[in-house]
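Remarks on the structure that follows.
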Amino acid sequence: MHCNHCGAELAEGVKFCAACGQPVENREDPQAHPSGAFEVPRPPVAYAGFWLRAVAYLLDSILLGFTVGIFVLRPLMERAGISSDNPWVLFTGSSRQIVAINLLVTMAGWLYWALLESSPWQATLGKKALGLYVTDLAGKRVSFARASGRHFGKIIFIGFILAGFTPKKQALHDMMAGCLVLKRTT
């Protein structure tokens, strides 16, 4: 028997799902479904593993890096009179122009991840290419606010490693935002 909410396998006779905490409906009790219709159990979910997520993140980073570099970084650096021969100045400099450019690049990354993961796609381009998508713990699309919290939770970079060791393959930022990254099975 599987949970109607998250697809986790359930032991017989349990009242609540151990994975998502939702109440389990008794399928044999006619009062549970007054209309007489029984729900078809969903197949178990396939959690996206660490390496698959790492490849998606790498694809997204490369795509975002090229796009932001060409359309945002280069024109702004030229306009601010910052030489493109020494890109390290963006990490070491503290002028107002450099701070503004760094904030714009950070904002571009935030909007890329948060907007796409909260969109009907539920995935960035890298995740979509690999058949991955982001949901909340109930399997529903995440809001922009939750996707934003998930994105900024990535600041704790070491938390990515947890995706290799947790039962639901959740990184720290997924746990903080109450999200799952799943692999499409169909």
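All of the numbers you see were taken from the coordinates with simple rules; none came from a lab. Since the model is a prediction, treat every value here as computed from it, not as a measurement. FYI the Cβ positions are ideal-geometry reconstructions off the backbone, even for glycines, and counts take in every protein chain you see.
Backbone geometry of region 122-129 corresponds, through the Karplus equation with coefficients 6.51, -1.76 and 1.60 at θ = phi - 60°, to 3J(HN,Hα) couplings of 6, 7, 6, 5, x, 5, 4, 4 Hz, x marking Gly and Pro. Shape class of region 104-144 from the Cα gyration tensor (axes a ≥ b ≥ c, square roots of the eigenvalues): oblate, since a/c reaches 1.5 or more and a/b does not exceed b/c.
For region 50-183, the Cβ-based charge dipole about the Cα centre amounts to some 400 debye (Lys, Arg positive; Asp, Glu negative; other atoms uncharged).
What is the local net charge at L115, summed over the other residues whose Cβ is closer than 14 Å to its Cβ (Lys, Arg +1; Asp, Glu -1)?
+3
The label-point distance for F71 and Q97, in a model that sets each label 7 Å from Cα toward Cβ, rounds to 2.3 nm. For chymotrypsin sites (Phe, Trp or Tyr not before Pro), the sites in region 106-186 that DSSP calls loop and that have at most 15 other Cβ atoms within 10 Å are W121, F165.
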